[in-house]
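Remarks on the structure that follows.
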Amino acid sequence: MQSILVTGGCGFIGANFVRWMLGTDSSLRITNLDKLTYAGNLENLKEIENDPRYRFVRGDIADPAAVDQLIAEGRFHAVVNFAAESHVDRSILDSTPFITTNVMGTQVLLDACRRHRVPRYLQVSTDEVYGSLGDEGFFTEETPLAPNSPYSASKASADMLVRAAVHTFGFPAIITRCSNNYGPYQFPEKLIPLFISNALQGQSLPVYGQGTNVRDWIHVLDHCRGIEAALRQGQAGEVYNFGGESELRNIDLTKRLLKALGKPESLIRYVEDRPGHDQRYAIDCTKAKRELGWTPQYRFEDGLAETIAWYQNHADWIARVRSGAYRDYYESQYGGRLGADKTRA
Ligand code: NAD
Ligand code: DAU
């Protein structure tokens, strides 16, 4: 693989993936197509923006003409679609951008890739498409899709469109479904970076409901290695689950974060529950282990300690994201060269 198109590369996982791939494969060229929504932060890729192997293109995956032109000219060996609206709470407030980007944007990419015969397409999906578990059991690739939030419904819809492209046209696509990621560069709206940022500033930590919901936490680089393995060795038409094998109740994670930060549990505030809140996610990643030779490498304790240290050492990054100042970087770096910013949150 010499040239790949990554969409959503300025977000949390996309930026980690771009860094990971350029760091491990010196022959690779990456084009990053990103709309720069509130979650897209060019500063996440500051160190590599002048790397000759890397190119940033500002654009919308749901814009058929722009996507067609980029893919026609790019002669990419693969497309990896990270671009999405990714936050469940925002989807409950307004699902429109989730449908536009996650559903329509995916179809626009599929159509353009098919038209220009891109030989590999990877859809970055989520374990949330499987719905919610009780106390027992795990999601496998065979678990029926039963999404519960507008976000997960939009991701499941995208998965169905990918499945249809495989089935109807023999399109060489792979779907990966991963559990909750944590690590550097995560937007401080998601549990771990939000709670670390709040605690560092002595602000309260809003735990939804009783805090008994369970998530399976995976370090973002373990997810990136999984995507790389699926991209290089995965079978077209297949789905691969990735998880961290680190299940934790939200309240236990919250207390662990406070302890590590030396902050009191009195910062915890139990607030009204998320509507339709999924109780538990847990992933069976036997297939990825068996067929891709992948296994999560981070012990959660180590990954979490490293992540806490990263946020402690990047107080300026948190401050710029929280104040909105990170958006000015686009203007200072790209000025009028790439058009006006119409997506300011
Ligand atoms: P994120 O919100 O941090 O980043 C999303 C990126 O996509 C941003 O850079 C944003 O500007 C870009 N984007 C949004 N709409 C776009 C559009 N229309 N065109 C082009 N770019 C657009 O998200 P993330 O947490 O990095 O998640 C990345 C992908 O991984 C998503 O598809 C998400 O569903 C999936 N996923 C996330 C997790 C997780 O725990 N965060 C777990 C499993 C799967
Ligand atoms: O499972 C994969 C999914 O993980 C991804 O597909 C999503 O893009 C990603 O956002 C994440 O979804 P969650 O809803 O699980 O993540 P979030 O960080 O929003 O919430 C984690 C848990 O913490 C969840 O049970 C809700 C709870 N929570 C969250 C926030 C933001 C709180 O109790 N308080 C909060 O303020």
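The values are calculated or read from the model by the stated rules, or taken from the named source; none is laboratory data. It should be emphasised that the depicted structure is a prediction, and the values quoted were computed from it without experimental measurement. Please note: Cβ atoms are built from the backbone with ideal geometry, for glycine as well, and neighbour counts cover all protein chains shown.
On the basis of being within 21 Å of V271 (Cα to Cα) and among the aliphatic types (A, V, I, L, M), does L161 make the cut? It is false that L161 is within 21 Å of V271 (Cα to Cα) and among the aliphatic types (A, V, I, L, M). Residues in segment 188-213 that are touching a Phe, Trp or Tyr at 6+ places or on another chain (Cβ under 6 Å) and more than 9 Å from ligand 2 (Cβ to nearest atom): I196 alone.
Screening E142 on (1) out of contact with any helix residue (DSSP H, G or I) (no Cβ under 7 Å at 6 or more places or on another chain); (2) closer than 22 Å to T254 by Cβ; (3) among the acidic types (D, E) shows it passes everything except condition (2). On inspection, I192 passes the criterion of being closer than 20 Å to S91 by Cβ and either of a type in the set (V, I, T) or modelled with pLDDT under 95 (or both). So which strands (runs of 3 or more DSSP E) stay within segment 1-81 end to end and still have 2 or more residues that are crowded, with 22+ Cβ neighbours inside 10 Å? The qualifying strands (runs of 3 or more DSSP E) are 3-7, 29-34, 78-81.
Output yes when any residue across segment 280-297 is in a loop (DSSP other than H, G, I, E, B) and under 24 Å from S197 (Cα atoms), and no when none is. There is no residue in segment 280-297 that is in a loop (DSSP other than H, G, I, E, B) and under 24 Å from S197 (Cα atoms). Here segment 14-49 is the region considered, the condition is being of a type in the set (K, R) and more than 8 Å from ligand 1 (Cβ to nearest atom), and the residue that is nearest to S125 (Cα to Cα) is R19. Beta carbons closer than 9 Å, at least 6 apart along the sequence or on distinct chains, pair a first residue in segment 62-76 that is farther than 18 Å from L36 by Cα with a second that is in a helix (DSSP H, G or I) and among the charged types (D, E, K, R) for D68/D111; D68/R115; I71/R115; A72/R115. In segment 151-254, counting only strands (runs of 3 or more DSSP E) that sit wholly within it, the ones holding 1 or more residues that are farther than 14 Å from P296 by Cα span 173-178, 205-208, 214-219, 239-242, 247-249. Considering segment 96-125, and only residues there that are farther than 15 Å from A164 by Cα and in contact with a Ser or Thr (Cβ under 7 Å, 6 or more places away or on another chain), the residue that is surrounded by the most Cβ atoms within 10 Å (Cβ to Cβ) turns out to be N102. Is it fair to say Q235 is more than 19 Å from the chain's Cα centre (by Cα), free of Cβ contacts under 8 Å to residues at least 12 places away in the same chain and surrounded by fewer than 19 Cβ atoms within 10 Å (Cβ to Cβ)? No: the conditions fail for Q235. All told, Y182 meets the bar of being of a type in the set (F, W, Y), within 22 Å of V80 (Cβ to Cβ) and within 13 Å of ligand 2 (Cβ to nearest atom). Condition test on D302, is it in contact with a strand residue (DSSP E or B) (Cβ under 9 Å, 6 or more places away or on another chain) and in a helix (DSSP H, G or I)? Criteria met by D302. Within segment 246-291, track down each residue that is closer than 19 Å to D222 by Cα, more than 16 Å from ligand 1 (Cβ to nearest atom) and in contact with a Ser or Thr (Cβ under 6 Å, 6 or more places away or on another chain). Listed by number, the list holds a single entry, K289. Kindly indicate the residue of segment 255-301 that is of a type in the set (V, I, T) and closer than 23 Å to E136 by Cα and also surrounded by the fewest Cβ atoms within 10 Å (Cβ to Cβ) among those meeting that condition. Only one residue tops the list, namely T286. Screening R53, R75, R29, R58 for residues that are at positive phi, away from ligand 2 (no atom under 16 Å from the Cβ) and more than 15 Å from the chain's Cα centre (by Cα) leaves exactly one candidate, R75.
Of all the listed residues (H87, H167), the sole one being within 12 Å of ligand 1 (Cβ to nearest atom), modelled with pLDDT of 95 or more and surrounded by fewer than 18 Cβ atoms within 10 Å (Cβ to Cβ) is H87. Test N148 against the criterion of being part of a loop (DSSP other than H, G, I, E, B), within 16 Å of ligand 1 (Cβ to nearest atom) and touching a residue at least 24 places away in the same chain (Cβ under 8 Å), and give yes or no. Yes; evaluated as a whole, the condition is true for this residue.
Scanning segment 82-128 for residues that are in a strand (DSSP E or B), β-branched (V, I, T) and out of contact with any His (no Cβ under 9 Å at 6 or more places or on another chain) yields a single hit, T126.
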